[in-house]
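Participant: My questions all concern the structure below.
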Amino acid sequence: MSKINKVVLAYSGGLDTSVILKWIKENYNCDVVTMTCDLGQEEDLSGVDEKALKTGAVKAYVEDLREEFAKDFVFPMMRSGAIYEGRYLLGTSIARPLIAKRMVEIARAENADAVAHGATGKGNDQVRFELSVMSLAPELQVIAPWRTWDFKGRQDLNNYAEKHGIPLPTGAKHYSMDRNMLHLSYESGELEDPWEEAQSGSYTLCSQPEKAPDEAEYVTIDFEKGDPVALNGEKLSPAQLILKLNKIAGKHGVGRIDIVENRFVGMKARGVYETPAGTVLHIAHRDLEGICLDREVMHLRDSLIPRYAACVYNGFWYAPEREALQALIDKSQERVTGTVRVKLFKGHALAVARKSPYSLFRVDLATFEEDSVYNQADAVGFIRLNGWRIQGYAKDLVKGSK
């Protein structure tokens, strides 16, 4: 690693990144610029820039990226129907490429030589950050202190913070948490035992279903070309829509999962994820596609969902394969326009009605009543033609058994 004069650090103001700020200055003898992102985590960020400057930063950025996050990252991903390993809606994963993008932009504006992050050597985030930086600015060096310093755990960080006069957080954190407008994740604590049920402290965005309202609530979501544009008839910006729907769906306990997933770095990890708005939008979008998408287009797109989800989860947002997939997906979404009504009740979200000006649903074909379009006798030839292959296979099996 060549001489570093200035570093841009992804900074939350918490214990880890505050220690990292001081540690980089101490070990690299360079200037540090911090960057704190507002991604709709609904956290009071006032004073975070002052804390960074007091801890030794030469400049502190606080960036409001809520609308960019929703419009340019969350919505394109949702158009794809992406879901990792059948359940995870990729709330943490999708935020990392935007954070990396803004870090790179600030690094170039500040003539920095490197960027730094606080991800550990055990997790996926280190990969997501660094692959994104490599894609956008391969000339920048990356500092990842958790992979190089001698600190072994939280107590070492506390000791270092006390030694250097860095304010310590009040109260012990039971969980390792990550939050943005799309989700809130929980790890550690009792969750390190897959047989242990998550405690009540892991309910923040979502009500416990048994404590949710006893009456169902209906919401309508309007889509244009695969993107949600209105909630209950009210036109909203992407970020506003997600944040408002979070409150409604979360009240009914919708959007919580408890899973063991396969990390890209090779281990299994257990996490609890709360994704209220994202869950409702995923269900509604998928339901609308049922009447808008051609069968073969839908099946083709569905076959690519695992590949797209892996691109997001594994940190390949800026890779050519994700961009190629996005082009196909966006083409498929040109007629995914319409309205879906969703019923929310006790942890469940169920699409119960849908309409679209591009609907491919034909009552005259689907009806069980008398019609003049579909000739049921035509099915005889259709079945016979499709049966030749199966009949031949069955005969071979009979021969082989003798």
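The values are calculated or read from the model by the stated rules, or taken from the named source; none is laboratory data. Bear in mind that the values here come from a model prediction, so they are computed numbers and not experimental data. Ideal geometry is used to build each Cβ from the backbone, glycine not excepted, and the neighbour counts take in all protein chains shown. We work out accessible area using only protein heavy atoms, side chains counted, and drop any ligands, DNA or RNA first. Shrake-Rupley method; radii C 1.70, N 1.55, O 1.52, S 1.80 Å.
Participant: Of the residues that sit in segment 336-357 and are part of a loop (DSSP other than H, G, I, E, B) and within 16 Å of ALA284 (Cβ to Cβ), which one is least open to solvent (accessible area, probe 1.4 Å)?
Facilitator: Per the criteria, the residue is VAL336.
Participant: Report, by residue number, each residue of segment 184-206 that is of a type outside the set (Val, Ile, Thr), out of contact with any Ser or Thr (no Cβ under 9 Å at 6 or more places or on another chain) and open to solvent by 40 Å² or more (accessible area, probe 1.4 Å).
Facilitator: Answer for segment 184-206, where residues must be of a type outside the set (Val, Ile, Thr), out of contact with any Ser or Thr (no Cβ under 9 Å at 6 or more places or on another chain) and open to solvent by 40 Å² or more (accessible area, probe 1.4 Å): GLU192, ASP193, PRO194, TRP195, GLU196, GLU197, GLN199, SER200, GLY201, TYR203.
Participant: Here is a further query. What pairs come up if the first residue lies in segment 198-216 and is on the phi > 0 side of the Ramachandran plot, the second is open to solvent by 60 Å² or more (accessible area, probe 1.4 Å) and aromatic (Phe, Trp, Tyr), and their beta carbons are under 9 Å apart, counting only those six or more places apart or on different chains?
Facilitator: As it stands, the answer is none, since no pair meets every condition given.
Participant: Given GLU105, GLU139, GLU130, GLU85, which one is modelled with pLDDT of 95 or more, surrounded by fewer than 22 Cβ atoms within 10 Å (Cβ to Cβ) and more than 25 Å from the chain's Cα centre (by Cα)?
Facilitator: Only one candidate passes the filter, namely GLU139.
Participant: Let me ask you something else. Taking ARG147, is it open to solvent by 20 Å² or more (accessible area, probe 1.4 Å), of a type outside the set (A, V, I, L, M), touching a residue at least 12 places away in the same chain (Cβ under 8 Å) and in contact with a Gly (Cβ under 8 Å, 6 or more places away or on another chain)?
Facilitator: It is true that ARG147 is open to solvent by 20 Å² or more (accessible area, probe 1.4 Å), of a type outside the set (A, V, I, L, M), touching a residue at least 12 places away in the same chain (Cβ under 8 Å) and in contact with a Gly (Cβ under 8 Å, 6 or more places away or on another chain).
Participant: Shifting gears a bit: Could you identify the single residue in GLY255, GLY165 that is surrounded by fewer than 18 Cβ atoms within 10 Å (Cβ to Cβ) and small (Gly, Ala, Ser)?
Facilitator: Exactly one of GLY255, GLY165 is surrounded by fewer than 18 Cβ atoms within 10 Å (Cβ to Cβ) and small (Gly, Ala, Ser), namely GLY165.
Participant: If we scan segment 383-400, do we find a residue that is surrounded by 12 or more Cβ atoms within 10 Å (Cβ to Cβ) and either without any contact (Cβ under 8 Å) to a residue 24 or more places away in the chain or not in a loop (DSSP other than H, G, I, E, B) (or both)?
Facilitator: Checked against the condition, which is being surrounded by 12 or more Cβ atoms within 10 Å (Cβ to Cβ) and either without any contact (Cβ under 8 Å) to a residue 24 or more places away in the chain or not in a loop (DSSP other than H, G, I, E, B) (or both), segment 383-400 yields no hits at all.
Participant: (1) hydrophobic (A, V, I, L, M, F, W, C); (2) open to solvent by 40 Å² or more (accessible area, probe 1.4 Å); (3) within 19 Å of the chain's Cα centre (by Cα): which one isn't true of ILE305, the others all being true?
Facilitator: (2)
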